[in-house]
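Engineer: Following this message is one structure expressed as structure tokens.
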């Protein structure tokens, strides 16, 4: 398995298992099966509300000798109601308790959007805090502190634009090592990738298959179905593989970490096998032509009446 390397010698497997939308009752079995198949990178988040079951599966695999903790790369994320320097450590300790682990490999600021403490998810503009009330630099100071305490080996961000990342880099002692963002052929983000590469920040791509199973409230009326894209389908037919495998191989071949979610044993196996698929330069050129800068998870759920956010201010795009 190809991996991304870090300054301290740690290596993050480029292909991981995403757990967003994997419901309690099925996510544990999926994680356990993934580890048996050879996955070593598991992506979690407190807001997914399934970390206790994920942790039980991880600990079960370790106890049964299927894997050692040191062989796994476990990522989790700081939810928006725990922004602020003093809130990061308690939030991370809760995640570690839920997972039943002593440390994480990577801890990310989930969104650059602070919400009021105690609010699980905002329902009105009053639940959203103005960015100036809890500057990202303050939250990042808390992230640096938990790194220095040994609660996580690496820290990073998620859903950060080039501008927000640039501003954070100017105000941190320890820079983010990863930026996890939506990325797929319809949203290829070349400018963001170039900025992150220049800054030494790895990219992890979420929703690499188009996240067709996300809640209806997060879908647009003219929603494209990435797995049904005719160009991707044609490449899959020519290569004798599935469209999902083409989409995963495209990320890995570009050196991008990616975290497709599945709870199906067959699809877990197929997704892992995509690491062995080699796309041709012509394939890559055809995929490059699909870019529409089309966000499928566009963050519009942060746009509440009376709140401080617009899509322009969230993504720093016109």
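Engineer: Would you mind classifying the stretch 149-290 by shape? Square roots of the alpha carbon gyration tensor eigenvalues, ordered a ≥ b ≥ c; an a/c under 1.5 is rounded, otherwise it is prolate if a/b is larger than b/c and oblate if not. The partial results should precede the final answer.
Structural biologist: Details: a/c = 1.73, a/b = 1.70, b/c = 1.02.
Here the stretch 149-290 falls in the prolate category.
Engineer: While we're on this one: Helix-only mean residue ellipticity at 222 nm, the chain, DSSP H runs n ≥ 4 weighted -39,500 (n - 2.57), per residue, nearest 500. What is it?
Structural biologist: -10000 deg cm²/dmol
Engineer: Using the 10 angstrom Cβ neighbour count as an exposure proxy, how do 12, 1, 143 rank, fewest first?
Structural biologist: The fewest-first ordering by Cβ neighbours comes to 1, 12, 143.
Engineer: On to the next question. Which order results if 164, 21 are arranged by neighbouring Cβ count within 10 Å, fewest first?
Structural biologist: By the 10 Å Cβ count, ascending: 21, 164.
Engineer: While we're looking at this one, here's another question. If each residue's Cβ is checked for other Cβ atoms within 10 Å, how do 70, 56, 51 rank with the fewest at the top?
Structural biologist: In increasing order of surrounding Cβ atoms, one gets 70, 56, 51.
Engineer: Going 7 Å from the Cα of residue 89 in the Cα-to-Cβ direction, what parts of the stretch 145-187 have a backbone nitrogen less than 15 Å from that spot?
Structural biologist: Inside the label zone: 145-152.
Engineer: I want to verify the translational diffusion coefficient of the chain in µm²/s; compute it with Stokes-Einstein, Rh as the Kirkwood radius over Cα pairs, at 4 °C and 1.567 mPa s.
Structural biologist: 65 µm²/s
Engineer: Okay, next question. At a Förster distance of 30 Å, what's the computed FRET efficiency of residue 225 paired with residue 317, Cβ-Cβ distance as r, to 0.05?
Structural biologist: That gives a FRET efficiency of 0.80.
Engineer: Once you've got the GNM for the chain with C-alpha springs shorter than 10 Å, pick whichever of 179, 271, 197 has the biggest mean-square fluctuation.
Structural biologist: 197
Engineer: For the stretch 10-75, what does the alpha-carbon gyration tensor say about shape, rounded, prolate or oblate, given a ≥ b ≥ c as the root eigenvalues, a/c under 1.5 as rounded, and a/b over b/c as prolate?
Structural biologist: Note, shape of the stretch 10-75 comes out oblate.
Engineer: In whole percent, what relative contact order does the stretch 3-315 give with Cα contacts below 8 Å and a gap of six or more residues?
Structural biologist: Working: 548 pairs, mean separation 61.6, N = 313.
So the answer I get is 20 percent.
Engineer: How far apart, in nm, are two points set 7 Å out from the Cα along the Cα-to-Cβ line at residue 121 and at residue 163?
Structural biologist: Placing both labels 7 Å beyond Cα along the Cβ direction yields 2.7 nm.
Engineer: Still on this model: Where both residues lie in the chain, what percent of DSSP beta bridges are antiparallel, nearest 5?
Structural biologist: Approximately 15 percent, going by the DSSP bridge assignments.
Read-outs throughout are calculated quantities, based only on the coordinates presented, and are distinct from any laboratory measurement. Because the structure is predicted, anything quoted here is derived from the model rather than measured. Cβ atoms come from the backbone with ideal geometry, glycine included; neighbour counts cover every protein chain shown.
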